[in-house]
Amino acid sequence: MASQIIHFAGLSDRDRKAASPLPKLAAGDRLELHVRGEGGKEQTLLIPPSATAAVEALLAHMLRGERVAVLAEDQELSPTEASAILGISRPLVVLRMDRGDLPFRYVGKHRRSLLRDVLALKAELDTRQVAIDALAEDTEDLIQHHGL
């Protein structure tokens, strides 16, 4: 199964300026969506508490001018799609798959990984990168201040 974006959207500059960010929600706060139809009929929909964080994140990204995509966690991705998320080349994604760093399955002759596995690998790679950057900074400090 090829990956499908459930919805991909962004806000125009005019809409971003007209919209206001959600206030930080506290425990027990409720998020409601008011919908006014063409005929003027209004409906109020209660957003479940488990979905409020997703709505907050979605709106925050859109208000910063970023385009967002909503994907299912169990969505399968091709190596090319995974490479875009990971920020590495497709051949490196395949190497990670072959080494066992990224679980995958074959669909015919094509490899597919779950989005949640790709995101888990991304978190691991990001953590490693932070450690490498800190080590490089410490090394520069030792060289500049201690002549090592």
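The values are calculated or read from the model by the stated rules, or taken from the named source; none is laboratory data. Model, not experiment: these values are computed from the prediction. Cβ placement follows ideal geometry from the backbone for every residue including glycine, while neighbour counts extend to all protein chains displayed.
Structure summary
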item	result
Condition met for residue 105 (at pLDDT 90 or above and either under 21 Å from the mean Cα position of the chain (by Cα) or closer than 30 Å to residue 11 by Cα (or both))	no
Enumeration of residues in the stretch 37-70 that are within 20 Å of residue 12 (Cβ to Cβ) and among the charged types (D, E, K, R)	64, 66, 67
Residue 53 being assigned by TED's automatic domain parsing to the domain that holds residue 11, part of a helix (DSSP H, G or I) and loosely packed, with under 12 Cβ neighbours inside 10 Å	yes
Residues satisfying the stated conditions in the stretch 106-141, i.e. surrounded by 11 or more Cβ atoms within 10 Å (Cβ to Cβ) and farther than 19 Å from residue 92 by Cβ	107, 116, 139, 141
Meets criteria (closer than 15 Å to residue 83 by Cβ, touching a Pro at 6+ places or on another chain (Cβ under 7 Å) and of a type in the set (Asp, Glu)) for residue 98	no
Residue check for residue 45: at pLDDT 85 or above and either over 30 Å from residue 78 (Cα atoms) or not in a helix (DSSP H, G or I) (or both)	yes
Residue check, residue 15 of a type in the set (D, E, K, R), part of a helix (DSSP H, G or I), surrounded by 10 or more Cβ atoms within 10 Å (Cβ to Cβ) and modelled with pLDDT of 90 or more	no
The lone exception for residue 69 - which of (1) out of contact with any His (no Cβ under 8 Å at 6 or more places or on another chain); (2) in a strand (DSSP E or B) it fails	(1)
